[in-house]
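Q: Just passing along the structure, written as structure tokens.
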């Protein structure tokens with residue numbers, strides 16, 4: 001029994017050594033997402049910015065000792081990702097317009113005190129941080145070993161943090177999470193995913209509040 005236990009512990013330790021960088025990325029990324037839910041810092045916007053952007057960058061600098069720019073913060077290959085951005089935003093506009101008639105989405109996003117300028121500023125901060133976590137920290141931290149598989153892995157926490165929102169939106173995140181990840185991976189940057197995500201949120205929430213507000 002002791003020999004078996006020693007062998008299993010040795011195999012487990014070898015796994016952690018072989019995937020040390022990936023272990024750090026998954027462990028800290030998941031931890032920060034959970035802490036943002038259970039231990040928010042001050043207000044929602046600041047908390048997301050710290051847990052999803054500042055703290056991961058500190059992990060990259062202090063623990064991994066890597067350049068944060070290598071985690072999707074550069075512009076990457078605009079010639080590759082600009083066509084994706086244009087086509088996806090066009091398709092999204094059509095889908096979102098049709099979805100704006102859904103009662104559950106209308107009830108969730110209709111805000112009596114809605115202000116487009118304030119909402120836009122908050123979304124710029126929140127989405128840049130969130131997109132860096134999923135399409136930057138996770139994808140570019142895991143792609144060396146997992147290749148395109150990093151796209152699928154980052155989709156899981158992306159979908160799970162949408163639990164509690166309208167069902168149709170949470171389910172759609174399975175698809176959009178993969179698409180956002182693919183664009184970031186192919187474009188070598190998380191910025192195109194941020195642009196698409198920002199367009200979707202501004203267009204849809206603005207449309208809901210303009211129509212029904």
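Quick note: the coordinates plus some simple rules give every number you see, no bench work behind them. Just so it is clear, the model here is predicted, and its values are computed rather than measured. Here the Cβ positions follow ideal geometry from the backbone for every residue, glycine too, while neighbour counts run over all protein chains shown.
Q: Any chance you could give the angle, 0 to 90 degrees and rounded to 10, that helix 191-212 forms with the longest Cα principal axis of the chain?
A: Orientation of helix 191-212: about 30 degrees from the principal axis.
Q: Report the calculated FRET efficiency for residue 98 and residue 66 (r = Cβ-Cβ distance, R0 = 41 Å), to the nearest 0.05.
A: 0.45
Q: Moving on. Per DSSP H run of at least 4 residues, take -39500 (n - 2.57); add these up for the chain, divide by its residues and hand me the 222 nm value, nearest 500 deg cm²/dmol.
A: Result for the chain, helices only: -23500 deg cm²/dmol.
Q: Can you tell me the FRET efficiency between residue 119 and residue 20 if r is taken as the Cβ-Cβ distance and R0 is 41 Å, rounded to the nearest 0.05?
A: Details: r = 41 Å, r/R0 = 1.00.
My answer for the efficiency is 0.50.
Q: Turning to a different aspect of this structure: Applying a 10 Å radius around every beta-carbon, put 100-106, 31-37, 51-57 in order of their mean neighbour count, most first.
A: 51-57, 31-37, 100-106
Q: Still on this structure, please answer the following. With everything on Cα atoms, drop me the angle between helix 20-38 and the longest principal axis of the chain, reported from 0 to 90° to the nearest 10.
A: Relative to the chain, helix 20-38 is tipped by roughly 40 degrees.
Q: For the range 99-213, what size does the Cα cloud have along each of its three principal axes, sorted from largest down, in whole Å?
A: Principal-axis extents of the Cα atoms in the range 99-213, largest first: 48, 27, 18 Å.
Q: Please compute, for the alpha-carbon atoms of the chain, the extent along each of the three principal axes and give them in descending order in Å.
A: Here the Cα extents, ordered largest to smallest, are 68, 39, 29 Å.
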